[in-house]
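Remarks on the structure that follows.
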Amino acid sequence: MYNFDKVKILVVDDEELLREILVETFTMHGADVDAAEGGNQAFEKIKATHYDIVITDVRMPNGDGIALLTQINAMDRSTKPKLFVCSAYSDLTEQKLKDYNILKLFNKPFDLEQLLADVSKLMA
């Protein structure tokens, strides 16, 4: 149903089970997916590799999502990844979503099918 062929995704979340579910789900739909357990590890991967999409949590040890988003937005790169955020907290106002160039906020717990549909639609 969804086709993420030739799409490179980085999933960033400190919850191992959620990270594994997202990696497996997007991989099943053709994406090339990497994972990181925190913002610091994620940013190192982003500096070394081009990603089309970054799906990140906000509150994490070892580099939170806000710091990661700030670093990504400050990068001097012509093609930056599209940013999606999954969070159990309402830390982000509509203005902050715009400021950080976040395409969509998914509140945890989220519907996996809805996440796939929204990411697919926003990538089109």
- Message: Restricting to segment 9-34, name every residue that is outside any helix (DSSP H, G or I), surrounded by fewer than 19 Cβ atoms within 10 Å (Cβ to Cβ) and either in contact (Cβ under 8 Å) with a residue 60 or more places away in the chain or in contact with an Asp or Glu (Cβ under 8 Å, 6 or more places away or on another chain) (or both).
- Response: D14, E15, H29, G30
- Item | Subset of segment 11-60 [of a type in the set (A, V, I, L, M) and more than 18 Å from F110 (Cβ to Cβ)] | A36, A42, I46, A48
- Query: If we scan segment 45-52, do we find a residue that is in contact (Cβ under 8 Å) with a residue 12 or more places away in the chain, of a type in the set (F, W, Y) and out of contact with any helix residue (DSSP H, G or I) (no Cβ under 7 Å at 6 or more places or on another chain)?
  - Reply: yes
- Message: So, in segment 53-88, how many residues would count as being in contact with an Asp or Glu (Cβ under 7 Å, 6 or more places away or on another chain), under 14 Å from E15 (Cβ atoms) and in contact (Cβ under 8 Å) with a residue 60 or more places away in the chain?
- Response: 1
- Task: Kindly provide the set of residues from segment 50-74 that are surrounded by 12 or more Cβ atoms within 10 Å (Cβ to Cβ) and either in contact with a Pro (Cβ under 8 Å, 6 or more places away or on another chain) or assigned to a loop (DSSP other than H, G, I, E, B) (or both), ordered by number.
- Result: Y51, D52, I53, V54, V58, R59, M60, N62, G63, D64, I72
- Does segment 102-114 contain at least one residue that is in a helix (DSSP H, G or I), within 22 Å of F4 (Cβ to Cβ), in contact (Cβ under 8 Å) with a residue 60 or more places away in the chain and more than 12 Å from the chain's Cα centre (by Cα)? yes
- Query: Would you call L122 outside any loop (DSSP other than H, G, I, E, B) and surrounded by 15 or more Cβ atoms within 10 Å (Cβ to Cβ)?
  - Reply: no
- Item | Leading residue by the ranking (nearest to L122 (Cα to Cα)) among those in segment 75-93 that are surrounded by 12 or more Cβ atoms within 10 Å (Cβ to Cβ) and basic (K, R) | K82
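We did not get these values from a lab; they are worked out from the coordinates using the rules stated. Remember, predicted model here, so these are calculated numbers, not experimental data. Cβ: placed from backbone, ideal geometry, glycine included. Neighbour counts: every protein chain shown.
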